[in-house]
Amino acid sequence: MSAACAPAIVVDHAGQSFGGRVIFEDVSFTVATGEVFVVLGGSGCGKSTLLKQMIGLLTPTKGRITVGGYDVVERVALVRREIGVMFQSGALFGSMTLLENVMLPLVMFTDLPARARAEIARIKLAMVGLAEAVNLLPSEISGGMAKRAAIARALALDPPILFLDEPSAGLDPITGAGLDRLILDLRATLDCTFVVVTHELQSIFAIADRCVMLDREARGMIALGVPRDLQQSSTHPTVRAFFNRDAP
């Protein structure tokens, strides 16, 4: 990761309200190119809302966000060329095989011939450990395999920035650890940037270069930094409780 590289993402005093209800306000951070950056916090703090802002599905009510150098409100079409997204449920199409699911972005956004699309999809599935599962349907695979297939689809167009929403949610510890290793392997192999939304403490320590923590009561961010540093040095009671698994 070069210090000369422009940030992959800049969140500048972002806020979001629905009606008169403030979800969060004055959230600011940057994500360096090549970084694994984690957005964390308790339920209802706005993690998924912030993710939707960054991928252009939700317009911030305050502030500005740029992704890949493009404003997510003014240049959303260009932003979406820079990103791949894995949603929490995986969002695989049940009537399609894994190969067909991963091919879908190539069908929609490229003019490649069918054989080339299929070959790229096979390569992406192999990268996530699913080379032998290309012809299976989502109903025929485990939850961990579905998460891997969704990551393969997010990689289909070779985006430099990937967003993963709760990749370890609902997985057993061993499967979750394998997914953590996959994220780090992909970052090393592809030199891409990851933004991961999660509250899984083990995953945070395993993969995050830095993280931002949102808080429902504070209606905004309460911590930004390296997870181990926050665990050891933060004086904020909520931050300390989260990283040390202390009951409030």
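Taken together, the values in this text are just the output of simple stated rules run on the coordinates, not laboratory data. What you see is a predicted model; the values in this text were computed from it and never measured. Neighbour counts run over all protein chains shown; Cβ positions are idealised from the backbone, glycine included.
Give a residue-ordered list of calculated ³J(HN,Hα) values for the range 225-230 (Karplus: 6.51 cos²θ - 1.76 cosθ + 1.60, θ = phi - 60°; whole Hz; x for Gly, Pro).
x, 7, x, 5, 5, 5
How much length, in nm to one decimal, is gained on full extension between ARG245 and PHE109, taken as 0.36 nm per residue of separation minus their Cα-Cα distance? Show your work: numbers first, answer last.
Numbers: separation 136, 0.36 × 136 = 48.96 nm, distance 4.42 nm.
So the chain would gain 44.5 nm between ARG245 and PHE109.
Among 200-213, 222-235, how do they line up from the highest to the lowest mean number of other beta-carbon atoms within 10 Å?
200-213, 222-235
The range 64-137: percent of C-alpha pairs farther apart than 16 Å?
The calculated P(r) of the range 64-137 puts 59 percent of pairs beyond 16 Å.
Can you give the % of DSSP beta bridges in the range 9-244 that are antiparallel, to the nearest 5? Before the final figure, lay out the partial values.
On the way: 19 of 37 bridges.
Of those bridges, close to 50 percent are antiparallel.
What is the Cα centroid distance between the range 169-239 and the range 64-128, reported in whole angstrom?
One Cα centre to the other: 24 Å.
Sequence neighbours fewer than 8 away in the same chain don't count; with that in mind, list the aspartates and glutamates whose C-alpha is under 12 Å from LYS52.
Straight-line reach from LYS52, under 12 Å: ASP165.
Provide the FRET efficiency to the nearest 0.05 for the LEU184-PHE87 pair, computing r from the beta carbons and using R0 = 25 Å.
Working from the Cβ atoms, E equals 0.75.
Where in the range 126-152 does the label zone of ILE174 land, with the point 7 angstrom along Cα→C-beta and an amide N cut-off under 16 Å?
Only 142-145 pass the distance filter.
At R0 = 22 Å, how high is the FRET efficiency between ASP12 and THR235 if r is their beta carbon distance? Nearest 0.05 is fine.
0.25
Under the classification rounded if a/c is under 1.5, otherwise prolate if a/b is larger than b/c and oblate if not, where does the range 89-220 fall, given a ≥ b ≥ c as square roots of the Cα gyration tensor eigenvalues?
prolate
List the GluC sites (Glu not before Pro) within the range 41-127 that DSSP assigns to loop and that have no more than 15 neighbouring Cβ atoms inside 10 Å.
Filter output for the range 41-127: GLU74.
Quick one: grab the alpha carbon gyration tensor of the range 197-248, order the square roots of its eigenvalues as a ≥ b ≥ c, and give me rounded if a/c is under 1.5, else prolate or oblate depending on whether a/b is larger than b/c. It would help to have the intermediate numbers written out before the result.
Details: a/c = 1.43, a/b = 1.26, b/c = 1.14.
Rounded.
Kindly put LEU136, LEU125 in sequence by how many other C-beta atoms sit within 10 Å of each C-beta, fewest to most. Can you show the working numbers first?
Details: LEU136 15, LEU125 25.
Sorted ascending by nearby Cβ count, the order is LEU136, LEU125.
Describe numerically, in nm with one decimal, the distance between label points set 7 Å from Cα along Cα→Cβ at ASP26 and at VAL226.
Simple spin-label model gives 2.8 nm for this pair.
Over the range 28-174, what per residue volume does the convex hull of the Cα atoms give, in whole Å³? Working shown, then result.
Working: hull volume 19.6 nm³, N = 147.
So the per-residue Cα hull volume is 133 Å³.
On a straight-distance basis, which lysines could pair with LYS47 in a cross-link, Cα separation under 20 angstrom, same-chain partners fewer than 8 positions away excluded?
Qualifying lysines at Cα under 20 Å: LYS62, LYS147.
Taking the square root of 5 times each eigenvalue of the Cα gyration tensor, what semi-axes in Å does the equivalent ellipsoid of the chain have, largest first?
Those come to 30, 21, 17 Å.
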